[in-house]
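Report on the following structure.
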Amino acid sequence: MQKQRIAGKFTRLIKLPKSAGMPKCEAMKLYRAQLRKYHNTRSGNFITQRTVSIGTDNSWFNAQVINRDPAWVSVPNANYVWYSGNLNSENAIISTRFTLSQRRAILSASLFLSVDNYAVVIINGVPLVFDGPQNTPSFYNTGRTFDVINFVRRGRNDIVIIAFNFGGQRSAANPAGVAARLDLRLSSLL
């Protein structure tokens, strides 16, 4: 890779993948815009419990619960959602914010994701999932689990999901939905 001088230091230039025909920088712009909107409306939940599940529902910013398509896996403690501003849109940008106690260490953290059809998931500014355009039933028939212990932190956390429907607008003939559940296990008080 080429090297570029930034702030007096040499850094590598990395060619980033694309998702949905969208460069990663565009996904990050959507992430930052979502957070700006979210910051103005909600402060997020403060979590003090030792174990917690945060699942998609109407409390997520821009999310509206929809009926689960029979082809989609059931996700305990989470609902399938889509963009509340237009349930027929071809994509949905949803987010949530929560704050973890500074007095507890994070012992484990996993994210379960089921999306019809594909998604970008960004946690605290770091892309976790960056799917390419596809109509892959394994993404929603069984879902996927990700270890996110290196993505979440004590203090404030933000999760943004940009979900895409393959083939255009969401409709009865072309369903779309996303369900996500973050499971956290925290230590006793430090």
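The values are calculated or read from the model by the stated rules, or taken from the named source; none is laboratory data. Everything numeric here is computed off the predicted structure, so don't read it as measured data. Glycine gets a Cβ as well: all are built from the backbone with ideal geometry, and neighbour counts include every protein chain shown. Just so you know, the surface numbers come from the protein's heavy atoms only, side chains and all, with ligands and any DNA or RNA stripped out. Shrake-Rupley method; radii C 1.70, N 1.55, O 1.52, S 1.80 Å.
Against the criterion of being within 21 Å of residue 44 (Cβ to Cβ), touching a His at 6+ places or on another chain (Cβ under 9 Å) and surrounded by 14 or more Cβ atoms within 10 Å (Cβ to Cβ), residue 97 qualifies.
For the stretch 142-149, the condition of being under 12 Å from the mean Cα position of the chain (by Cα), assigned to a loop (DSSP other than H, G, I, E, B) and surrounded by 15 or more Cβ atoms within 10 Å (Cβ to Cβ) holds for at least one residue. Just one of the listed residues (114, 110, 188) is outside any helix (DSSP H, G or I), modelled with pLDDT under 95 and among the small types (Gly, Ala, Ser), and it is 188. Report, by residue number, each residue of the stretch 81-123 that is of a type in the set (S, T, N, Q) and under 30 Å from residue 190 (Cα atoms). Passing the criteria: 95, 96, 99, 101, 102, 108, 110.
Look at the stretch 163-174: where a residue is among the hydrophobic types (A, V, I, L, M, F, W, C) and a partner is assigned to a loop (DSSP other than H, G, I, E, B) and surrounded by 13 or more Cβ atoms within 10 Å (Cβ to Cβ), sitting 6+ places away or on another chain with Cβ atoms under 6 Å, you get 164/20; 166/117. Return the residue satisfying two criteria in turn: it lies in the stretch 29-63 and is at pLDDT 75 or above and more than 26 Å from residue 183 (Cβ to Cβ), and of such residues it is most open to solvent (accessible area, probe 1.4 Å). Taking the candidates together, the pick is 36. Considering the conditions (1) surrounded by fewer than 16 Cβ atoms within 10 Å (Cβ to Cβ); (2) in a loop (DSSP other than H, G, I, E, B); (3) at pLDDT 95 or above, residue 132 is excluded by exactly one of them, (3).
Specify the residue that is most open to solvent (accessible area, probe 1.4 Å); the eligible residues are those in the stretch 67-92 that are under 17 Å from the mean Cα position of the chain (by Cα) and more than 22 Å from residue 145 (Cα to Cα). By that ranking, first place goes to 90. For beta carbons closer than 8 Å, sequence separation of 6+ or different chains, a first residue in the stretch 86-97 that is free of Cβ contacts under 8 Å to residues at least 60 places away in the same chain and farther than 13 Å from residue 176 by Cα and a second that is open to solvent by 10 Å² or more (accessible area, probe 1.4 Å) and not in a strand (DSSP E or B), there are no qualifying pairs.
Among the numbered conditions (1) surrounded by fewer than 19 Cβ atoms within 10 Å (Cβ to Cβ); (2) without any contact (Cβ under 8 Å) to a residue 60 or more places away in the chain, the only one that residue 139 does not meet is (1).
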